[in-house]
1. Please work out if SER118 is modelled with pLDDT of 95 or more, at positive phi, within 11 Å of the ligand (Cβ to nearest atom) and of a type outside the set (Phe, Trp, Tyr).
2. If you check every pair at least six apart or on different chains, which have Cβ atoms under 8 Å apart with a residue in the stretch 117-139 that is under 18 Å from ARG86 (Cβ atoms) first and a residue that is assigned to a helix (DSSP H, G or I) and of a type in the set (D, E, K, R) second?
3. In this structure, does ALA46 turn out to be within 13 Å of the ligand (Cβ to nearest atom), among the small types (Gly, Ala, Ser) and either modelled with pLDDT under 95 or assigned to a helix (DSSP H, G or I) (or both)?
4. Restricting attention to the stretch 95-138, and to residues there that are part of a loop (DSSP other than H, G, I, E, B) and among the β-branched types (Val, Ile, Thr), which single residue is nearest to PHE58 (Cα to Cα)?
5. Mind counting the residues in the stretch 75-92 that are touching a helix residue (DSSP H, G or I) at 6+ places or on another chain (Cβ under 8 Å) and either within 24 Å of ASN60 (Cα to Cα) or part of a helix (DSSP H, G or I) (or both)?
6. Out of the residues in the stretch 49-62 meeting the condition of being touching a residue at least 12 places away in the same chain (Cβ under 8 Å) and in a helix (DSSP H, G or I), tell me which one is farthest from the ligand (Cβ to nearest atom).
Amino acid sequence: ATERTLSILKPDATRRNLTGKINARIEESGLRIVAQKRIQLTKAQAEKFYEVHAQRPFYNDLVSFMTSGPVVVQVLEGDNAVTKYRDVMGATNPANAAAGTIRKDFAESIEANSVHGSDSAENAKIEVAYFFSGLELVG
Ligand code: CMP
C-alpha cells in the first residue's frame, strides 16, 4: 500500500554536502520526496523528537549531535515506504549495514549515521506531523 515515512538527513550529511547524493539514492529506490525543508533543530525540539530514547545512555550525545548543524526533514511516499526506506538506509550501525545502503556508503558512526527513518507506519504519522503541517503536504 502507498504510505508515507519521515526522513531526516542528519547534520553529518548536511555538513559534508551529501543532500543531493542521498536524495538520489531515495529517488532511485522509487520513493518520492513529497515534502522537504532544511531546518536547525533547537535542543527542545530534538529532545522531544527523540523522547522515546530519553533513558538511553546515548540520548544526551544524540541531542547535541542533532542540533550541531542543519538537518533536512522530508516526507517520503511510496509503496511500503516505511520498510522500503529502512532497507535503503541500512542498519543503524554502519558497521553492520549492507552493501549499497546509504549508511554503509555515507555514515560516519552509529551516532552520525546520516539519516533517520520512521520505524513504523504509526510512528511515521506522528513524526510527519511533528515537522509538517497539512498545508505543506500535497499528494
Ligand atoms: P535513529 O534512527 O535516528 O534513532 C536513534 C538514533 O540514536 C540513531 O539513529 C543514532 O543516530 C543514535 N544512536 C547513537 N548511539 C546509538 C546506539 N548505541 N544505538 C542506537 N542508536 C544510537
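The values are calculated or read from the model by the stated rules, or taken from the named source; none is laboratory data. Computed from a predicted model, the values in this text were never measured in an experiment. Every residue, glycine as well, gets a Cβ built from its backbone with ideal geometry; the counts of neighbours run over all protein chains shown.
1. No: the conditions fail for SER118.
2. GLY117/ARG86; SER118/GLU127; ASP119/ARG86
3. Numbers: within 13 Å of the ligand (Cβ to nearest atom): yes; among the small types (Gly, Ala, Ser): yes; either modelled with pLDDT under 95 or assigned to a helix (DSSP H, G or I) (or both): yes.
The answer is yes for ALA46.
4. Going through the stretch 95-138, the residues part of a loop (DSSP other than H, G, I, E, B) turn out to be 97-101, 107-114, 118-120, 132-133, 137-138.
Still in the running and among the β-branched types (Val, Ile, Thr): 101, 110, 138.
Values: THR101: 24, ILE110: 10, VAL138: 36 Å.
Filtering first and then ranking leaves ILE110.
5. Step one: of the stretch 75-92, the residues touching a helix residue (DSSP H, G or I) at 6+ places or on another chain (Cβ under 8 Å) are 75-76, 78, 81-82, 85, 88-92.
The next check asks that each one be either within 24 Å of ASN60 (Cα to Cα) or part of a helix (DSSP H, G or I) (or both); those that pass are 81-82, 85, 88-92.
So the count comes out to 8.
6. Step one: of the stretch 49-62, the residues touching a residue at least 12 places away in the same chain (Cβ under 8 Å) are 49-50, 58, 61-62.
Those left that are additionally in a helix (DSSP H, G or I): 49, 61-62.
On the way: PHE49: 9, ASP61: 7, LEU62: 5 Å.
Per the stated criteria, the residue is PHE49.
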